[in-house]
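What follows is a short report on a single structure.
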Amino acid sequence: MHSLFEKQNSLNAPIDAFIFDTGSMSFPVKQHWHYFAEFLYVTKGSGQVTCDDRTHIVKEGELIILPPSSVHSITHAGKGLKTFAGIKFDTARFQDTLTYTPSVANILSYARSENMKMHFGRKETESFHCKEIFDACVNEFDEYQYGRDTVLRSYVYRLFFAIVRYWISEGLDINNCPINPSDHYGIENIAEYIDEHLEENIRVTGIAEKCNMSYSGFATKFHDLYGMTCKEYIEKMRIFKAEEYLLFTDNDLAFISEKTGFADTSHFIRIFKKHRGITPKQFRKQNITA
C-alpha cells in the first residue's frame, strides 16, 4: 500500500506542468497529498475531484485549485474524464520581494480560511486565460529552454493573481491577509512523519517532541495551520488510508484496522462510521462495482 504522501523535488523542480491522459496513464488518481499547490484544468471530459472530503464535478474548460497539504483524488464523472492539464508549484518558492505585500502561500492560506471559491466555471476560466496559460506552461516545461523556470513562474503569477483579483471582487479583504509568514518550523514536515507512522500508536506528545515544542505550543500551532487538532488529523488520515485498502485490496477489516493504526476492528468500524456515515463493509460494497 502506497503512502498518501507524494514527495516533490522542490529544490530542482519547484514548478511542474503536465497533460494527463486517462486513457494511457494510470487512472484513477488515488488519494494523496503533497506540499505543493496544484491547479487542475479539465481539457476533455468531466472528472470527479475530491479534496479534503469535498467532492467537485469539474467539467471541460473548468479549473480547480488543490491547496498544499490537502488530500485529493481524481476519477471519472459523467461520460468520463479524458484529459486534464496540471500545474504544481511550491508556494514557498514564490516569496514576494516587497515586504508590504503577502506571499502567494499566505494569500492562498488566507483565501482558504475565508472559504473563497476554489472551483471555477468556464466563464471564469476564460477570463483567467486558463487555456492559454496551461498550454504555454506545458510547452515551456517540455521544451526546457533557457530561462524556463523564470518563464513558468511568470505564468503561475499571471494565473494566480487573476484568481486573487476575482476573490477580491467577491469580497476577500486582502488587507487582512497576514504579510509575514507564521513560524511553523517543523509543523509542516511533521505531517509527513504522521503519514509514515499511521499504523503505529503515535501520540501527540511524542509528535510535539519531534518538533522540539511543548505540547500546548505544538497543539496551538498545529490547529492554526491545519484547522483541526493533531488527534483529529491523525484520525482523518487513518480514514483516508483505510478507504484505499477498502477500494483497492481484498484485505479483511482486521488487517486494515491493524495497518491503519486502530486499536481493533470494532474501533475501526466505529470511527469509520463516525466520519463516513456508513460502515467499512457498506463503503466497500457501494464503491466497488462487479
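Values in this text are rule-based calculations from the coordinates and carry no lab data. In this text, all values refer to a predicted model and were calculated from it rather than measured experimentally. As a convention, Cβ positions derive from the backbone with ideal geometry for all residues, glycine included, and neighbour counts pool all protein chains shown.
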Quick calc: nm separation of the 7 Å Cα→Cβ label points for residue 231 and residue 101 -> 4.4 nm
Can you give the alpha-carbon Rg of the range 140-290 over 2.2 N^0.38 Å, where N counts its residues? 1.42
Whole-number percent relative contact order across the chain, with pairs defined as alpha carbons under 8 Å at least 6 apart: 15 percent
Too long at a 32 Å Cα-Cα cut-off: which of 131/285; 82/241; 7/259; 59/221? 131/285; 59/221
For Cα pairs less than 8 Å apart in space and 6+ apart in sequence, what is the mean separation divided by the residue count of the range 186-230, i.e. the relative contact order in percent? 32 percent
Using alpha carbons only, how many angstrom separate the centre of the range 257-288 from the centre of the range 144-161? 44 Å
Rounded to the nearest 0.05, FRET efficiency between residue 122 and residue 53 (Cβ-Cβ, R0 25 Å) equals 0.45
Mean separation of Cα pairs under 8 Å and 6+ residues apart, divided by the residue count of the range 15-176: what relative contact order is that in percent? 25 percent
Separation in nanometres of the label points that stand 7 Å from Cα toward Cβ, at residue 281 and residue 148: 5.3 nm
note: the chain, Cα-Cα separations exceeding 26 Å make up a percent value of 49 percent
Residues with amide H under 5 Å from that of residue 213, placed H, sequence gap 5 or more: none
DSSP loop chymotrypsin sites (Phe, Trp or Tyr not before Pro) with at most 11 other Cβ within 10 Å: longest gap in the chain: 186-290
Can I get the semi-axes of the range 15-176's equivalent ellipsoid? Compute them from the C-alpha gyration tensor as square roots of 5 times the eigenvalues, in angstrom, largest first. 24, 19, 15
Could you tell me what percent of the DSSP beta bridges with both partners in the range 1-80 are antiparallel, to the nearest 5? 95 percent
Rg ratio (alpha-carbon, reference 2.2 N^0.38 Å) - the range 1-90: 1.03
Show that you can apply the helix-only estimate: for the chain, add -39,500 (n - 2.57) for every DSSP H stretch of four or more residues, divide by all residues, and state [θ] at 222 nm to the nearest 500. -13500 deg cm²/dmol
